[in-house]
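A.B. asks: Supplied in structure tokens, the structure appears directly below.
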Amino acid sequence: MRPVLRLGGAPLPVVGRARVYVCGITPYAVTHLGHAATYLWTDLAIRVWRNVGVPVELARNITDVDDAMFDEARRTGLPFDQIASLQRFAFDRTMTSLGIRPPDHEPTARAAVTRVIELATALLRAGHAYERGGSVYARTAEAAERAGLDRAAAIALAAEYNDDPHDPERDDPLDVAVWRAARPDGGYPSWPSPWGPGRPGWHAECAAMVLSTFGSSVDLHAGGADLRYPHHAVEALLAERATGVQPFARAWLRPGTVRSGGVKMSKSLGNLTFVDDLLTRHSPAAVRLLCLVRPRDDDWDFDEAAFDEAEAGLDLLYSAASRPGAVRDASATDEVDAALLDDLDTVRAQAIALDSGGAAARRFISVLGLA
Ligand SMILES: [Zn+2]
């Protein structure tokens, strides 16, 4: 019998393969530690599944149609798709350096524009959306309720994530644009649609990419903790309203945010720690250990001095692995597997590995990709 992975405290049995989708990058800035942590935890979930014989199919999208990309193109004078190609190459190289398994599917927003039009059409037909001035808005106030937010908090977050809640065209500030009419000044790229030229909305892009890759649901949907609302909540609601299938995602994996000096790392604050820089001074295994052996959902502050501890932790693991195993070698290895299957409890799994040594330590090193 295949062991079952528990996530968020609930068992997540799968029949056949596990379908995993993780929100990818907007390819206009090089990879920072916050991105790496999200993709490392997603990779770990996949490795834990594969360790117990569950095949996994991973889709990691590229959000290459996004106003932030278009703004970057204006600033640099380069075509947005050229910026996206260069950044994708750099991102892939960094992911490979970190030992992160490449995705089986890499849908791009640019190639999914027609899928977003199909999603908008389905929502209009079902009465969950309305067209106004060449834009299509979906009624998504329920997403805020589902995320446990009051309206004021939800509106503030919608504004922070460029959902434009104060746009007077929409019936409710918490409605989102599935399709956004082209700007009158022609400032951003646009594509033809039944409602005139325009561009897809971000949440609708991910919903359309999941549905077109996997059908109406996924087993696990991952992304950074900051994507809980509006992005994930709205994406799920759009998909469920379009397909009638609930839940859109059987489980969510949202690792805690990486902060610097107590605030979230972000391009706009200029406090990013770039993974490529870290890899000139530290091993990929140390970066993996630093990001992965901690309580997964807690936000944490990055401090370069933490690498001293990570390097020391690796030395302990390597020497534990070279010890002859304890008498209970086989059961200790099973205990490492069980801890990882129990909500990816890397902290407990590491303690068992260090305590038992031998095969249990080697199993921990292998599943976490620390060799
Ligand atoms: Zn997404």
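The values are calculated or read from the model by the stated rules, or taken from the named source; none is laboratory data. Being a predicted model, the structure only gives us computed values, none of them experimental. Ideal geometry is used to build each Cβ from the backbone, glycine not excepted, and the neighbour counts take in all protein chains shown. Surface areas here come from the heavy atoms of the whole protein model, side chains and all, with no ligands, DNA or RNA. Shrake-Rupley method; radii C 1.70, N 1.55, O 1.52, S 1.80 Å.
A.B. asks: With a 1.4 Å probe and all protein chains left in place, how much of the accessible area of the stretch 1-46 comes from carbon and sulfur atoms, in whole percent? Before the final figure, lay out the partial values.
C.D. replies: Values: 960 of 1580 Å².
C and S atoms contribute 60 percent here.
A.B. asks: Another question about this same structure. Calculate the dipole size of the chain relative to its Cα centre from +1 charges on Lys and Arg beta carbons and -1 charges on Asp and Glu beta carbons; express the result in debye to the nearest 20. Walk me through the numbers before you get to the answer.
C.D. replies: On the way: 39 positive and 50 negative charges, 185 e Å.
Using Cβ point charges on Lys, Arg, Asp and Glu, the chain gives about 880 debye.
A.B. asks: Also, I was wondering about something else. Would you mind classifying the stretch 145-224 by shape? Square roots of the alpha carbon gyration tensor eigenvalues, ordered a ≥ b ≥ c; an a/c under 1.5 is rounded, otherwise it is prolate if a/b is larger than b/c and oblate if not. Don't jump to the answer; show the numbers that get you there.
C.D. replies: Numbers: a/c = 2.22, a/b = 1.10, b/c = 2.03.
Here the stretch 145-224 falls in the oblate category.
A.B. asks: Per residue, what accessible area does the stretch 232-371 have, given a 1.4 Å probe and all protein chains present, in Å²?
C.D. replies: Working: 6060 Å² over 140 residues.
Accessible area per residue: 43 Å².
A.B. asks: Give the carbon-plus-sulfur fraction of the accessible surface of the stretch 306-371 in %, rounded to a whole number; probe 1.4 Å, heavy atoms of protein chains only. Provide the component values of the computation, followed by the final result.
C.D. replies: Values: 1650 of 2960 Å².
Looking at the stretch 306-371 in its full context, I get 56 percent from C and S.
A.B. asks: Measure out, as a whole number of angstrom, how far apart the alpha-carbon centroids of the stretch 38-70 and the stretch 332-371 sit.
C.D. replies: With the stretch 38-70 and the stretch 332-371 each reduced to a Cα centre, they are spaced 22 Å.
A.B. asks: For a test of the definition: using alpha carbon positions, the gyration tensor, and the 1.5 limit on a/c, classify the stretch 113-250 as rounded, prolate or oblate. Each step should come with its number before you reach the end.
C.D. replies: Details: a/c = 1.61, a/b = 1.16, b/c = 1.38.
Because a/c hits 1.5 or more and a/b fails to exceed b/c, the stretch 113-250 counts as oblate.
A.B. asks: Once Lys and Arg get +1 and Asp and Glu get -1 on their Cβ, which of G223, L279, Y21 lies farthest toward the positive end of the dipole of the chain?
C.D. replies: The residue sitting most towards the positive pole is Y21.
A.B. asks: By how many nm would the segment from R146 to V15 lengthen if fully extended, with 0.36 nm per residue of separation less the alpha-carbon distance? Before the final figure, lay out each step's value.
C.D. replies: Working: separation 131, 0.36 × 131 = 47.16 nm, distance 2.77 nm.
This chain segment gains 44.4 nm when fully extended.
A.B. asks: With a 1.4 Å probe and every protein chain kept in, tell me what percent of the accessible surface of the stretch 135-209 is carbon plus sulfur. Before the final figure, lay out each step's value.
C.D. replies: Values: 1720 of 3300 Å².
The C+S portion of the solvent-accessible surface of the stretch 135-209 is 52 percent.
A.B. asks: Suppose every Lys and Arg Cβ carries +1 and every Asp and Glu Cβ carries -1, with no other charges. What dipole size does the stretch 306-371 come out with about its Cα centre, to the nearest 20 debye?
C.D. replies: Working: 5 positive and 12 negative charges, 63 e Å.
Magnitude of the dipole: close to 300 debye.
A.B. asks: Could you check the simple spin-label distance between T114 and D301, using points 7 Å along Cα→Cβ, in nm with one decimal?
C.D. replies: So the label points at T114 and D301 sit 5.2 nm apart.
A.B. asks: Which shape class, rounded, prolate or oblate, goes with the stretch 306-371 when its Cα gyration tensor gives a ≥ b ≥ c as root eigenvalues, a/c under 1.5 marks rounded, and past that a/b bigger than b/c marks prolate? Kindly include the intermediate steps, with their values, before the conclusion.
C.D. replies: Values: a/c = 2.05, a/b = 1.18, b/c = 1.73.
Oblate, because a/c is 1.5 or more while a/b does not exceed b/c.
A.B. asks: If I take R0 = 45 Å and measure r between the Cβ atoms of E160 and Y318 in this structure, what FRET efficiency does the formula 1/(1 + (r/R0)^6) give, to the nearest 0.05? Numbers along the way, then the final one.
C.D. replies: Details: r = 44 Å, r/R0 = 0.97.
Computed FRET efficiency for E160 and Y318: 0.55.
A.B. asks: Find the centroid of the Cα atoms in the stretch 248-306 and in the stretch 101-121, then give the distance between the two in whole Å.
C.D. replies: 27 Å
A.B. asks: Relative to the present Cα-Cα distance, how much length would full extension add between D185 and D104 at 0.36 nm per residue of separation?
C.D. replies: On the way: separation 81, 0.36 × 81 = 29.16 nm, distance 3.89 nm.
Answer, rounded to one decimal: 25.3 nm.
A.B. asks: May I pose another question? Between D343 and R93, what is the spin-label point distance in nm, taking each point 7 Å from the Cα along the Cα→C-beta axis?
C.D. replies: With each label point 7 Å from Cα toward Cβ, the separation is 4.0 nm.
A.B. asks: Along Cα→Cβ, 7 Å out, is where each label goes; now give me the distance between the ones at V52 and S85 in nm to one decimal.
C.D. replies: Each label point is offset 7 Å from its Cα along the Cβ direction, giving 4.4 nm.
A.B. asks: Over the chain, what is the percentage of antiparallel beta bridges among all DSSP beta bridges, to the nearest 5? Numbers along the way, then the final one.
C.D. replies: Numbers: 16 of 33 bridges.
Rounded to the nearest five, the antiparallel share is 50 percent.
A.B. asks: D67 to D172: extension gain in nm, 0.36 nm per residue of separation minus the Cα-Cα distance?
C.D. replies: Extra length available between D67 and D172 comes to 35.6 nm.
A.B. asks: Continuing with this model, one more query. Under the rule of at least 5 residues apart or a separate chain, name every residue whose amide H is placed under 5 Å from the amide H of I62.
C.D. replies: So I62 has HN proximity to T108, A109.
A.B. asks: Evaluate E = 1/(1 + (r/R0)^6) for V245 and D276, where r is the Cβ-Cβ distance and R0 equals 51 Å; express this FRET efficiency to the nearest 0.05.
C.D. replies: After rounding to 0.05, the efficiency reads 0.80.
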